[in-house]
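Visitor: My questions all concern the structure below.
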Amino acid sequence: MPSPRQVKGSTAPWHRRTPRQQNTTLRKREFRPEIQGLRAFAVVLVAVYHVWFGRVSGGVDVFLLISAFLMTTSFVGRIQRGAALGWHEVTRYWVHVFKRIVPLAVVTVVLTLLGSRLFLGADRWVPAIREAFAVLFYGENWYSIRHAVDYYASDSGAASPFRHFWSLSIQGQIFLVWPLLFCLTSLMVRRLQARARRILALMFVVILLGSLAYAVHQTAVDQSGAYFNTWARLWEFALGSLLAIVCTRITIRGPLAAVLSWTGMAAILLCGALLDVQGKFPGFVALWPTVAACLVIACTPSGTRWGAERILTWKPLVVLGSASYALYLVHWPLLVFYLAVTGQEKAGFFAGTGLLTMATAIALVLTRVVERPLRRWSWADARRRRGLLVIAASMLLAVGPACVWDARIASEARVAQTEAANNNPGARAHLPGFRYEGADDAAILPTPARRPDDWSWQVVRGTPCRDVDPPSALKGLEADQCLTYHRPDRPSRHVVAVGNSHMEMLLPAIVDAARRNGWALTFVRAPGCEFTSVALNNRISAPCGQWMRRAEAYVGAHNPDVLLMLATHSTVGGEGEVVRPETQRQVERWTRRGIDVVGVRDVPRFAEKHADCEARNGIAGCAFPSPLGQANPTAEWAQQIRGFAPLDLLDLVCPDRSCPAQIGNVYTYLDNNHLTATYVDSMKHMVGDRLDTAMRTASSR
């Protein structure tokens, strides 16, 4: 009498196969050329959109889904064959996978660091080194979030040559986590006699729904950060895993499969052109390319002569699919270096064609020389520790040079700093009777490689107000929005500074004045916001509007002796400055309450960075004309508003209405609108004297 499984054999003939036959079938199904072709199609789409359109194509989402599909297919096959998955098998898988992907990534990192040294300005070296470490340890996506990277910035030449590694970092994280889920499933199958597909399907459905909901929420709140967020991307991997599970039960063939496969291909191709990928991914809109990829995978081969596999199994595309990983790695740094050298924002048709051709050739060579031999190296696969040795040795090939380069940059900065008192007077060169007695060939500080890090908030560190004040005193301000810098037992004045990064960049001088004069100093900060009105800040962003309400409440509750705030706003395009009516109303609001207000005049913003100008013309040819007027537009408020005094520092930054790249062997600007902390520190005594005078002037009226 046949068993129930044998009765079902007419509809499911694989149940009658012997274990050996099942294993043979599984091995035959491991390689699907149409999936290799789809992988190549997705990566080429990514590269084309990067080179010519400066947009996101949705190809990366397809690439991530495919990796989850293939990994899940492999593990489900093992579980179905009754293979036990324990710590030994999982660690062996990790070693096998990372032995294959790490060396090629390391080669790319080393070549990219070399390219950064040859083709990028010195101000980009240190960020490149730090990002290289994030890449090597598969944390590039979190690095991008921490540093507020704009993936959609229009000028690709100014972007990091490592920026594209964000997706590979997420993929590496999934390679670590997913096998643990399969290991747990294997344990449940053996202990509970449960069906593996049901457990896995339930598990991945929960991950998909939870991650997709999170992605939709984060995309609405912080789309730029959500784009790099692993938790917001889990659902794409879960969808690929669910597809692998479903494909073992559902077969779509015939004309319907052919139509659906071509529909999926067309949807992938048109995704970046038709959808707002820039503003909506990885939310619901990201279902478009991922579901389209599911259609292609599920419906190929279609069993017809005209399905999408006709093009996906085309030999050149399949060959390129084997090198798709390398192509993804090398195309972006090549583009960044080309644009940085030529000064262009986008590549033209012929240049783009040349870059893609070069990237393809390099990818094929690297795959043949690096990836393929390591994948086939039986000695390294024989034992886990051998594979670990290969991974560790590969990592050292990149970590070693990066550490040496970083140490050399730091050493040069230390050597230059030892002679700073004589060689780098900075703003002190403005003092009457000043005479330079330093070396003729003195280095300019901060050194070019260190200049991008010379932010005031990195030089003077404040203590979060919440660490010293009760929560009720903060009026809802978050930890990084209220910082205290000096708090003596008996302060001569209570001073609150409030504003954005243009107020924050003056902190080295303000903090020095507070310590010399015994002031209690607190800074209420919000980068990108303005201390004007709630309505105006809401137009900037909703978080700015919230901060504005809380900042006003904080100042009102603490009733300081002096309020420091920006009184003017230099325009973003470098055209000049504006005085907002809301600013004057804020000044009048606090002076009526008996709080003295010192209104700081903003420093100029420029259309480009001094560093970019220096790269073309040398430092001597980069003195920008000041876009600000000669007179401080708020000077007349001193006569109109009792308790107000202006503070104008323009002459220290732009003497004789010219804003040079360096003054007294100190760089003035670190970008196109922020002063270096080193230069602000050099003018601290002048700022302190002017600030003290302004405070006394305001209090005397």
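Visitor: In what sequence, highest mean first, do 471-477, 666-672 appear when ranked by Cβ atoms within 10 angstrom?
Guide: Result, highest mean Cβ count within 10 Å first: 666-672, 471-477.
Visitor: Something else about it: If you count only protein heavy atoms with a 1.4 Å probe, what accessible area per residue comes out for the chain, rounded to a whole Å²?
Guide: 45
Visitor: Counting Lys and Arg as +1 and Asp and Glu as -1, what is the net charge of the other residues whose Cβ lies under 11 Å from the Cβ of MET265? Please report the intermediate quantities before stating the final value.
Guide: Details: positive: ARG310; negative: GLU34, GLU309.
Neighbour charge sum, excluding MET265 itself: -1.
Visitor: Please compute the length gained on full extension between ARG375 and ASN422, using 0.36 nm multiplied by the number of residues separating them and subtracting their Cα-Cα distance.
Guide: Between ARG375 and ASN422, full extension yields an extra 11.1 nm.
Visitor: Still on this structure, I have one more. Residue farthest toward the positive end of the dipole of the range 407-503, with Cβ of Lys/Arg at +1 and Asp/Glu at -1: which of LEU477, HIS430, GLY462?
Guide: LEU477
Visitor: Can you list the cysteines of the chain that have no other Cys Cβ under 4.7 Å away?
Guide: CYS183, CYS247, CYS271, CYS294, CYS299, CYS403
Visitor: Which net charge results for the neighbourhood of MET503, defined as the other residues with beta-carbon distances under 12 angstrom from its beta-carbon, given Lys and Arg at +1 and Asp and Glu at -1? Don't jump to the answer; show the numbers that get you there.
Guide: On the way: positive: ARG525, ARG601; negative: GLU504, GLU530, ASP602.
Charge balance in the 12 Å sphere: -1.
Visitor: Which FRET efficiency, nearest 0.05, do THR248 and MET188 yield, Cβ-Cβ r, R0 22 Å? Walk me through the numbers on the way to the answer.
Guide: Details: r = 18 Å, r/R0 = 0.83.
Efficiency, rounded to the nearest 0.05: 0.75.
Visitor: Determine the distance separating the Cα centre of the range 316-347 from the Cα centre of the range 405-469; give it in Å without decimals.
Guide: Result: 38 Å between the Cα centres.
Visitor: What is the sum of charges around ILE245, taking Lys and Arg as +1, Asp and Glu as -1, for the other residues whose C-beta is under 13 Å from the C-beta of ILE245? Please report the intermediate quantities before stating the final value.
Guide: On the way: positive: ARG195, ARG197, ARG198, ARG249; negative: none.
Result for the local shell: +4.
Visitor: Which FRET efficiency value, to the nearest 0.05, do you get for VAL206 and SER472 by plugging their Cβ-Cβ distance into 1/(1 + (r/R0)^6) with R0 = 56 Å? Could the numbers behind the result be given before it?
Guide: Numbers: r = 40 Å, r/R0 = 0.72.
FRET efficiency, VAL206 to SER472: 0.90.
Visitor: Assuming 0.36 nm per residue, please report the length gained on full extension of the stretch SER658 to CYS403 beyond their Cα-Cα distance.
Guide: 87.9 nm
Visitor: At 0.36 nm per residue, and after removing the present C-alpha to C-alpha distance, how many nm does the segment from VAL291 to ALA442 gain when stretched out fully? Can you show the working numbers first?
Guide: On the way: separation 151, 0.36 × 151 = 54.36 nm, distance 6.06 nm.
My answer for the length gained is 48.3 nm.
Visitor: Please list 3J(HN,Hα) in residue order for the range 575-581, calculated via the Karplus relation 6.51 cos²θ - 1.76 cosθ + 1.60 where θ = phi - 60°; whole Hz, with x for glycine and proline.
Guide: Once rounded to whole Hz, the list reads 7, x, 9, 10, 10, 7, x.
Visitor: Related question: Residues in the range 94-111 near a label at ARG384, defined as backbone nitrogen under 20 Å from the 7 Å Cα→Cβ point?
Guide: Label zone hits: 94-103.
Visitor: From the helices alone, meaning DSSP H stretches of at least four residues, give me the mean residue ellipticity at 222 nm for the chain, per-run term -39500 (n - 2.57), in deg cm²/dmol to the nearest 500. Please list the in-between numbers first.
Guide: Numbers: 33 runs with 404 residues, N = 701.
Computed mean residue ellipticity for the chain: -18000 deg cm²/dmol.
Visitor: Which stretch or stretches of the range 527-554 have amide N atoms under 17 Å from the point lying 7 Å from ARG592's Cα along the Cα→Cβ direction?
Guide: 532-534, 552-553
Visitor: Using θ = phi - 60° and the Karplus form 6.51 cos²θ - 1.76 cosθ + 1.60, what ³J(HN,Hα) does each residue of the range 493-500 get, whole Hz, x for Gly and Pro?
Guide: Residue by residue, the range 493-500 yields 8, 9, 10, 10, 9, 9, x, 9 Hz.
Visitor: Between HIS430 and SER541, what is the spin-label point distance in nm, taking each point 7 Å from the Cα along the Cα→C-beta axis?
Guide: 3.2
Visitor: How tilted is helix 255-274 with respect to the longest principal axis of the chain? Cα atoms for both, answer in degrees (0 to 90, nearest 10).
Guide: 10
Visitor: Enumerate the amide H contacts of TRP314 below 5 Å, restricted to partners 5 or more residues apart or on another chain; note that Pro and chain-start residues carry no placed amide H.
Guide: Correct list: empty.
Visitor: Here's a follow-up. Once neighbouring chains are kept in place and the probe is 1.4 Å, which whole percent of the accessible area of the chain is contributed by carbon and sulfur?
Guide: Numbers: 18580 of 31770 Å².
Roughly 58 percent, rounded to a whole number.
Visitor: As an exercise, use a Förster radius of 35 Å and the Cβ-Cβ distance of ALA620 and HIS147 to find the FRET efficiency, rounded to the nearest 0.05.
Guide: Computed FRET efficiency for ALA620 and HIS147 comes out at 0.65.
Visitor: In percent, how large is the relative contact order of the chain, given Cα pairs closer than 8 Å and 6 or more residues apart?
Guide: Values: 1098 pairs, mean separation 92.8, N = 701.
Relative contact order here is 13 percent.
Visitor: Something else about it: 7 Å from Cα along Cα→Cβ at both THR571 and ARG516: what's the point-to-point distance in nm?
Guide: 3.6
Visitor: Work out from phi, with θ = phi - 60° and the Karplus expression 6.51 cos²θ - 1.76 cosθ + 1.60, the ³J(HN,Hα) of each residue of the range 338-355, listed in order in whole Hz, and give x for Gly and Pro.
Guide: Residue by residue, the range 338-355 yields 4, 5, 5, 6, 7, x, 8, 8, 9, 8, x, 4, 6, 5, x, 4, x, 5 Hz.
The values are calculated or read from the model by the stated rules, or taken from the named source; none is laboratory data. Because the structure is a prediction, the values reported are computed rather than measured. Here Cβ is always computed from backbone atoms with ideal geometry, including for glycine, and neighbour counts include all displayed protein chains. The accessibility values were calculated without ligands, DNA or RNA, using every heavy atom of the protein model including side chains. Shrake-Rupley method; radii C 1.70, N 1.55, O 1.52, S 1.80 Å.
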